[in-house]
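Peer 1: Take a look at this one; I'll ask things after.
The values are calculated or read from the model by the stated rules, or taken from the named source; none is laboratory data. Model, not experiment: these values are computed from the prediction. Please note: Cβ atoms are built from the backbone with ideal geometry, for glycine as well, and neighbour counts cover all protein chains shown.
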Amino acid sequence: MISLFIITLVAFALLALIIIVLVKTTRFRLWQGVLVFLLPLILANLLWFSWLQPRQQHVQQREQVVQLLTQTPGYRVLQTQEPALWQLLVQELQHKTRMGESPQQALGELRGWLANVINRRLMRAPDAAVVKYIAVSVQEMQALNNIDPQLCFRYLYPQVNGGVNLEKTLSPALNQQDAQAMEKLLLGSTGGEQQIDKAAAQRDLQNIVATLYKKWGDKLQQLNMPADTAVDRSSRCAMSIDLYSAILALPARQAANLLRRMIALTG
C-alpha cells in the first residue's frame with residue numbers, strides 16, 4: 001500500500017513537470033495543463049473509492065471472518081467436514097459484520113444454521129459425545145429458564161417463536177462449553193449411524209414418563225404440542241429440563257440410545 005502511494009506521487013510529480021515544460025515551451029495554456037493534471041487525479045479517486053477500496057475492504061472482511069471461524073471450536077471443523085455449509089457461514093457472517101454487528105454476536109445468530117448437521121451427527125457420534133452435548137444443552141436450558149422461561153422455550157422450539165442468540169444471552173463460559181461439546185461431537189461422528197435398540201428406548205422412555213407424570217400429571221401431554229398457543233411455555237420448558245435430566249441420569253449407553261431414538265422420530 002505504501003509503495004503504491006509513493007509510485008502514485010512520483011507519477012503525478014512527473015505529470016506536473018511535463019505540463020510545466022509544455023506550458024513554457026509550447027502554446028499549451030495553463031488552464032489546459034491544470035485540466036490535464038486534474039483529470040487523471042479525478043479518475044484515480046473515482047476508481048479508488050468506487051472499486052478498489054470497496055474490493056479491498058471486502059477481501060479484508062472475508063479474511064477476518066475466515067480467521068474467526070477457523071479459531072472457533074466447533075465451527076472450524078466444518079471447513080473440512082461440511083464445506084458447503086462453511087461457505088454459507090462465511091458469506092452470512094461477512095454480511096452481518098458489514099452491516100455493523102459484532103463478530104461474536106453475528107456468530108451467535110448463525111448457531112441455528114447448524115441444527116440439521118448436529119441432529120445428523122447425534123445419530124453417528126459415540127455415546128459419550130452425545131451425552132456430553134445434551135448435558136451442555138440442558139445447562140443452557142436451565143440458564144435461559146432462570147433469565148426468562150420464554151427464552152428457554154424459544155431455544156427449544158426456534159421454529160415456533162424464533163431462536164435465541166446464545167452468544168448474546170449466556171455467559172462466555174457456558175458458550176465455550178457449548179463450542180467444545182459441539183466440536184467433540186463433530187469430530188467423533190464421521191462414521192456411519194449408530195444402531196438403535198428401539199425396544200430398550202421405548203422401555204426407558206415409558207419409565208421416565210411414568211416418573212415425570214407423578215410431578216406434572218396431564219401437563220406432560222404438552223410435550224407433544226409445542227405450537228399450541230394454549231401451552232404453558234414456562235411449564236413446557238421446566239418439563240423439558242426434567243425430561244432430559246432424567247434421560248441423562250441413565251447409563252451413557254441407554255441415554256444415548258434413547259436420545260437417538262427421539263431424534264429419529266422427531267428431529
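Peer 1: Quick check, is Ala179 touching a Gly at 6+ places or on another chain (Cβ under 8 Å) and of a type in the set (A, V, I, L, M, F, W, C)?
Peer 2: Details: touching a Gly at 6+ places or on another chain (Cβ under 8 Å): yes; of a type in the set (A, V, I, L, M, F, W, C): yes.
Considered against the rule, which asks whether it is touching a Gly at 6+ places or on another chain (Cβ under 8 Å) and of a type in the set (A, V, I, L, M, F, W, C), Ala179 comes out as yes.
Peer 1: If the requirement is being in contact with a Leu (Cβ under 8 Å, 6 or more places away or on another chain), at negative phi, modelled with pLDDT under 90 and not in a loop (DSSP other than H, G, I, E, B), which of these qualifies: Leu89, Leu85, Leu78, Leu68?
Peer 2: Values: Leu89 fails: modelled with pLDDT under 90; Leu85 fails: modelled with pLDDT under 90; Leu78 fails: modelled with pLDDT under 90.
Criteria check complete, one pass: Leu68.
Peer 1: Could you grab me the full set of residues in region 84-119 that are within 15 Å of Gly74 (Cα to Cα) and either of a type in the set (Lys, Arg) or over 17 Å from the mean Cα position of the chain (by Cα) (or both)?
Peer 2: Once the filter is applied, which keeps residues that are within 15 Å of Gly74 (Cα to Cα) and either of a type in the set (Lys, Arg) or over 17 Å from the mean Cα position of the chain (by Cα) (or both), region 84-119 yields only Arg111.
Peer 1: Let me ask something else. Just checking, which of Lys168, Lys198, Lys215 is closer than 21 Å to Ala246 by Cβ, among the charged types (D, E, K, R) and at pLDDT below 95? Steps first, please.
Peer 2: Values: Lys168 fails: closer than 21 Å to Ala246 by Cβ; Lys198 fails: at pLDDT below 95.
The unique qualifying residue is Lys215.
Peer 1: Given the conditions (1) assigned to a helix (DSSP H, G or I); (2) modelled with pLDDT under 85; (3) surrounded by fewer than 12 Cβ atoms within 10 Å (Cβ to Cβ), and given that His58 satisfies all but one, which numbered condition is not satisfied?
Peer 2: (3)
Peer 1: Can you confirm whether Asp218 is free of Cβ contacts under 8 Å to residues at least 24 places away in the same chain, loosely packed, with under 12 Cβ neighbours inside 10 Å, more than 27 Å from Pro73 (Cα to Cα) and among the acidic types (Asp, Glu)? Give the steps one after another, and end with the answer.
Peer 2: Details: free of Cβ contacts under 8 Å to residues at least 24 places away in the same chain: yes; loosely packed, with under 12 Cβ neighbours inside 10 Å: yes; more than 27 Å from Pro73 (Cα to Cα): yes; among the acidic types (Asp, Glu): yes.
For Asp218, the condition - free of Cβ contacts under 8 Å to residues at least 24 places away in the same chain, loosely packed, with under 12 Cβ neighbours inside 10 Å, more than 27 Å from Pro73 (Cα to Cα) and among the acidic types (Asp, Glu) - is met.
Peer 1: Follow-up question, since we're still on this one. Restricting the search to region 116-125, which residues are surrounded by 16 or more Cβ atoms within 10 Å (Cβ to Cβ) and of a type outside the set (Val, Ile, Thr)? Give the steps one after another, and end with the answer.
Peer 2: So the first thing to find is which residues in region 116-125 are surrounded by 16 or more Cβ atoms within 10 Å (Cβ to Cβ), and the list is 117-118, 121-125.
Arg121, Leu122, Met123, Arg124, Ala125, listed by residue number.
Peer 1: Of all residues in region 222-267, how many are at pLDDT below 90, in contact with a Ser or Thr (Cβ under 8 Å, 6 or more places away or on another chain) and not hydrophobic (A, V, I, L, M, F, W, C)?
Peer 2: 1
Peer 1: Looking at region 144-153 only, could you name the residues that are crowded, with 17+ Cβ neighbours inside 10 Å and more than 20 Å from the chain's Cα centre (by Cα)? Full working, then the answer.
Peer 2: Within region 144-153, the subset crowded, with 17+ Cβ neighbours inside 10 Å is 144-145, 149, 151-153.
Asn145, Pro149, listed by residue number.
Peer 1: Restricting attention to helices (runs of 4 or more DSSP H) lying wholly within region 190-267, give those where 1 or more residues are under 32 Å from the mean Cα position of the chain (by Cα) and charged (D, E, K, R). Before the answer, list the steps.
Peer 2: On the way: elements: 198-216, 233-248, 252-266.
Per the criteria, 233-248, 252-266.
Peer 1: I've got another one for you. Could you please find all residues in region 115-128 being in a helix (DSSP H, G or I) and within 19 Å of Ala264 (Cβ to Cβ)? Give the steps one after another, and end with the answer.
Peer 2: Taking region 115-128 as the starting set, the residues that turn out to be in a helix (DSSP H, G or I) are 115-122, 127-128.
If the condition is that a residue be in a helix (DSSP H, G or I) and within 19 Å of Ala264 (Cβ to Cβ), then Ala115, Asn116, Val117, Ile118, Asn119, Arg120, Arg121, Leu122, Asp127 are the ones that fit.
Peer 1: Let me ask something else. Go through (1) basic (Lys, Arg); (2) at pLDDT 95 or above; (3) out of contact with any helix residue (DSSP H, G or I) (no Cβ under 6 Å at 6 or more places or on another chain) for Lys132 and report which single condition fails.
Peer 2: Going through (1) basic (Lys, Arg); (2) at pLDDT 95 or above; (3) out of contact with any helix residue (DSSP H, G or I) (no Cβ under 6 Å at 6 or more places or on another chain) one by one, Lys132 breaks only (3).
Peer 1: Restricting to region 129-158, count the residues that are assigned to a helix (DSSP H, G or I) and free of Cβ contacts under 8 Å to residues at least 12 places away in the same chain. Show your work before the answer.
Peer 2: Our first condition is that a residue be assigned to a helix (DSSP H, G or I); within region 129-158, this holds for 129-147, 149-156, 158.
Still in the list and also free of Cβ contacts under 8 Å to residues at least 12 places away in the same chain: 146, 154.
So the count comes out to 2.
Peer 1: Out of the residues in region 164-182 meeting the condition of being under 12 Å from the mean Cα position of the chain (by Cα) and not in a helix (DSSP H, G or I), tell me which one is surrounded by the most Cβ atoms within 10 Å (Cβ to Cβ).
Peer 2: It comes out as Val164.
Peer 1: Output the number of residues of region 236-267 satisfying the condition of being in contact (Cβ under 8 Å) with a residue 60 or more places away in the chain and more than 21 Å from Arg154 (Cα to Cα).
Peer 2: 10
Peer 1: When you scan region 100-115, how many residues do you find that are in contact (Cβ under 8 Å) with a residue 40 or more places away in the chain and of a type outside the set (A, V, I, L, M, F, W, C)? Can you show your working first?
Peer 2: Going residue by residue through region 100-115, those that are in contact (Cβ under 8 Å) with a residue 40 or more places away in the chain are 104-105, 107-109, 111-112, 114-115.
Still in the running and of a type outside the set (A, V, I, L, M, F, W, C): 104-105, 108-109, 111-112.
Residues that pass the stated criteria total 6.
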